[in-house]
Amino acid sequence: MKNNIAELLEGVNGLITLPHVFLRINQLIEDPDSTLFDIAKAISQDPSFTVRMLRLANSPFYGLSSTIATVDKAVSVIGTSQIRNLALSMSVASTFAGLPNNLVSMDNFWHHSLYCALVARILAKQARGCDPSTVFTAGLLHDIGELIIFNRLPEQARASLLLVLDQVDNLPVYQAERQVLGFDHAEVGGELARQWGLPPLLIECIACHHDIAKAQHYPRETALVHLADLIAQMAELYTLELTDVSPVDPAAWEATGLSTDIIEQVICEAQNEIIEAEKLFLGN
Amino acid sequence: MSLPTIPRPPLVLPGFEHVRRTWNSTYEAYAARILPGEYYVTANNEGVYTTLGSCISACIRDRVSGIGGMNHFMLPASGDADGWKSTSLSAATRYGNFAMEHLINVILKNGGKRQNLEVKLFGGGRILQNMTDVGMRNITFARDYIQTEGLKVIAEDVGDIFPRMVVYFPATGKVRVKRLRSLHNNTILEEENRYLSTVESKPVCGEIELF
């Protein structure tokens with residue numbers, strides 16, 4: 001299986017690369033000699049990214065009390081690790097535009113991913129001990145493996161989706177993928193994140209969001225993304241019935257200390273945020 | 001250790017031998033899967049299910065005897081550029097009549113009574129935003145048809161923007177409707193378009209036997 005995933009990812013090398021500005025920020029954060037000023041300078045060299053970042057920093061979504069007018073101030077107020085998350089979150093949709101497919105529209109795909117990100121962020125604020133902005137990014141990236149499978153293995157991907165529709169039961173898509181392909185989109189996405197050198201927390205959340213028992217280092221964050229994925233589906237379908245979506249792993253509630261009581265309020269909050277968030281993260 | 005025993009499938013009514021039925025442990029019953037353009041009628045305790053995008057399904061049964069079934073259809077496009085609008089509209093309606101009458105006639109032929117029939121309607125979703133609302137056209141047709149036939153819709157879940165999976169148990173009249181994620185939109189649309197192209201290339205001909 002590992003070999004198959006590696007082959008699959010070889011095929012997308014060069015088709016999708018993270019933007020220069022993100023790679024530069026990532027590099028500077030890892031470099032102990034770099035300063036906030038270096039990071040601000042790297043951001044300023046990408047004017048369109050600068051504009052989007054300032055717009056985000058000043059939006060109600062970010063919720064800062066003072067106005068952020070310059071990149072220097074944005075970097076110092078937001079903090080370097082969060083800047084890295086923001087840079088990743090703002091560029092992921094355009095990055096994957098290089099991997100089109102006929103099975104799902106990019107609008108629908110990112111709509112779900114963004115809902116998952118918003119729900120994960122709301123849950124993280126209530127679960128305590130998890131950084132909401134990191135979990136937001138994990139939520140946004142959780143299904144990236146899907147886009148790789150859809151683009152590289154369209155026939156098998158179609159067969160997996162048809163298998164889901166063919167069952168009366170709720171056969172989750174990842175289980176259909178395992179039956180058809182021998183691996184699933186979470187494993188593919190996790191491997192891509194690893195090859196990209198993304199932070200270990202993101203890699204684990206992406207790789208284990210359907211199999212939270214496998215999360216060794218970040219079980220709570222992974223459990224949050226698992227819950228967020230399913231609650232996001234409920235928000236998209238305008239339902240409050242957990243049985244309308246794939247089954248939740250009960251261990252996810254235990255790991256996060258959250259309970260089903262919060263679902264309605266979380267869905268409501270996410271539905272209120274989605275339109276603004278689409279403009280900030282999915283717009284150009 | 002004993003394996004859970006799966007009972008043999010109930011007897012199938014003549015004409016439906018080709019429909020695939022699988023055992024479902026959640027419902028502890030067999031369920032028949034129908035595709036666009038198909039229908040299924042049963043006199044036994046088994047389910048019938050399908051997935052719907054802009055297509056529509058009528059679930060009809062005799063509430064006394066429990067004989068009933070489900071169809072799955074859509075009206076072919078009408079209003080061609082050649083100006084033969086009225087002709088193609090009636091051709092489209094003829095197709096809808098065909099789908100509805102087949103289902104009702106087979107129920108009646110197997111002992112259902114017209115005065116006992118109850119109808120539930122599902123589907124007709126607008127799963128593509130930038131196209132004419134073909135789902136609504138199917139809903140309107142089905143409602144009109146049922147009214148004209150003097151039947152009554154006792155429950156429906158139609159329209160809106162979601163594809164649906166519908167599971168129907170004619171013996172009890174129970175239905176489970178599940179809204180499906182937008183991830184499934186294109187796969188369902190492909191299936192419906194394939195069906196539509198066969199309908200449009202093979203217009204309905206022949207008489208329908210009325211009971």
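The values are calculated or read from the model by the stated rules, or taken from the named source; none is laboratory data. As the structure is a computational prediction, the values presented were derived from the model and not from experiment. Quick reminder, even Gly has a Cβ in these numbers, built from the backbone with ideal geometry, and neighbours come from all protein chains shown.
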Would you say residue B:65 is over 12 Å from the mean Cα position of the chain (by Cα) and either in a loop (DSSP other than H, G, I, E, B) or closer than 27 Å to residue B:138 by Cα (or both)?
yes
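Can you confirm whether segment A:230-246 contains a residue that is more than 21 Å from residue B:182 (Cα to Cα), part of a helix (DSSP H, G or I) and of a type outside the set (A, V, I, L, M)? Give the steps one after another, and end with the answer.
Filtering segment A:230-246 for residues more than 21 Å from residue B:182 (Cα to Cα) gives none.
No, segment A:230-246 has no match at all.
Considering each of A:227, A:198, A:202, A:192 in turn, give the residue that is within 17 Å of the chain's Cα centre (by Cα) and either part of a loop (DSSP other than H, G, I, E, B) or modelled with pLDDT under 95 (or both).
Values: A:227 fails: either part of a loop (DSSP other than H, G, I, E, B) or modelled with pLDDT under 95 (or both); A:202 fails: either part of a loop (DSSP other than H, G, I, E, B) or modelled with pLDDT under 95 (or both); A:192 fails: either part of a loop (DSSP other than H, G, I, E, B) or modelled with pLDDT under 95 (or both).
Just a single option satisfies the conditions, and that option is A:198.
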Only one of (1) over 20 Å from the mean Cα position of the chain (by Cα); (2) within 18 Å of residue B:170 (Cβ to Cβ) is not met by residue B:5, so which one is it?
(2)
In segment A:80-111, the residues that are of a type in the set (Val, Ile, Thr) and closer than 30 Å to residue A:32 by Cα:
A:80, A:83, A:92, A:95
Number of the exception - residue B:196 against (1) modelled with pLDDT under 95; (2) more than 26 Å from residue A:234 (Cβ to Cβ); (3) surrounded by fewer than 14 Cβ atoms within 10 Å (Cβ to Cβ):
(3)
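Do we find that residue A:232 is within 14 Å of another protein chain (Cβ to nearest Cβ) and under 29 Å from residue A:15 (Cβ atoms) in this structure?
Numbers: within 14 Å of another protein chain (Cβ to nearest Cβ): yes; under 29 Å from residue A:15 (Cβ atoms): yes.
For residue A:232, the condition - within 14 Å of another protein chain (Cβ to nearest Cβ) and under 29 Å from residue A:15 (Cβ atoms) - is met.
Every residue in segment B:181-202 that is more than 9 Å from chain A (Cβ to nearest Cβ), in a helix (DSSP H, G or I) and not small (Gly, Ala, Ser), please. Give the steps one after another, and end with the answer.
Let us first name the residues in segment B:181-202 that are more than 9 Å from chain A (Cβ to nearest Cβ), namely B:189, B:192-202.
Among the residues that remain, those that are also in a helix (DSSP H, G or I) are: B:189, B:192-201.
The answer is B:189, B:192, B:193, B:194, B:195, B:196, B:198, B:199, B:200.
Taking the stated definitions as given, is residue B:26 over 24 Å from residue B:182 (Cα atoms), outside any loop (DSSP other than H, G, I, E, B) and within 11 Å of chain A (Cβ to nearest Cβ)?
No: the conditions fail for residue B:26.
So that you can scan it fast, the table gives a plain yes or no per residue for (1) touching a helix residue (DSSP H, G or I) at 6+ places or on another chain (Cβ under 8 Å); (2) at pLDDT 95 or above:
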| residue | (1), (2) |
| --- | --- |
| A:67 | no, no |
| A:93 | yes, no |
| A:97 | yes, no |
| A:135 | yes, yes |
| A:139 | yes, yes |
| A:150 | yes, yes |
Residue ID - farthest from the chain's Cα centre (by Cα), chosen from residues in segment A:258-277 that are surrounded by fewer than 16 Cβ atoms within 10 Å (Cβ to Cβ) and among the acidic types (Asp, Glu):
A:261
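Got a sec? Which helices (runs of 4 or more DSSP H) wholly within segment A:80-188 have at least 1 residues that are more than 14 Å from chain B (Cβ to nearest Cβ), buried (at least 23 other Cβ atoms within 10 Å of the Cβ) and touching a residue at least 24 places away in the same chain (Cβ under 8 Å)? Outline the logic, then answer.
Working: elements: A:80-96, A:106-127, A:132-141, A:144-152, A:154-166, A:173-181.
Because the criterion is at least 1 residues that are more than 14 Å from chain B (Cβ to nearest Cβ), buried (at least 23 other Cβ atoms within 10 Å of the Cβ) and touching a residue at least 24 places away in the same chain (Cβ under 8 Å), the helices (runs of 4 or more DSSP H) in segment A:80-188 that meet it are A:80-96, A:106-127, A:132-141, A:144-152.
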How many residues does segment B:29-56 contain that are in a strand (DSSP E or B), of a type in the set (A, V, I, L, M) and farther than 22 Å from residue B:190 by Cα?
3
Give me the pairs: first residue in segment B:4-23 and of a type in the set (Ser, Thr, Tyr), second residue modelled with pLDDT of 95 or more, beta-carbon distance under 9 Å, and six or more apart or on different chains, which are they?
B:22/B:30; B:22/B:31; B:22/B:32; B:22/B:33
For residue A:259, all conditions in the list (1) within 14 Å of another protein chain (Cβ to nearest Cβ); (2) without any contact (Cβ under 8 Å) to a residue 12 or more places away in the chain hold save one; what is the number of the exception?
(1)
Inside segment A:9-47, can you point out the residues that are under 23 Å from the mean Cα position of the chain (by Cα) and free of Cβ contacts under 8 Å to residues at least 12 places away in the same chain?
A:10, A:13, A:14, A:23, A:27, A:30
Residues to consider are A:238, A:218; find the one that is surrounded by 21 or more Cβ atoms within 10 Å (Cβ to Cβ) and aromatic (Phe, Trp, Tyr).
A:218
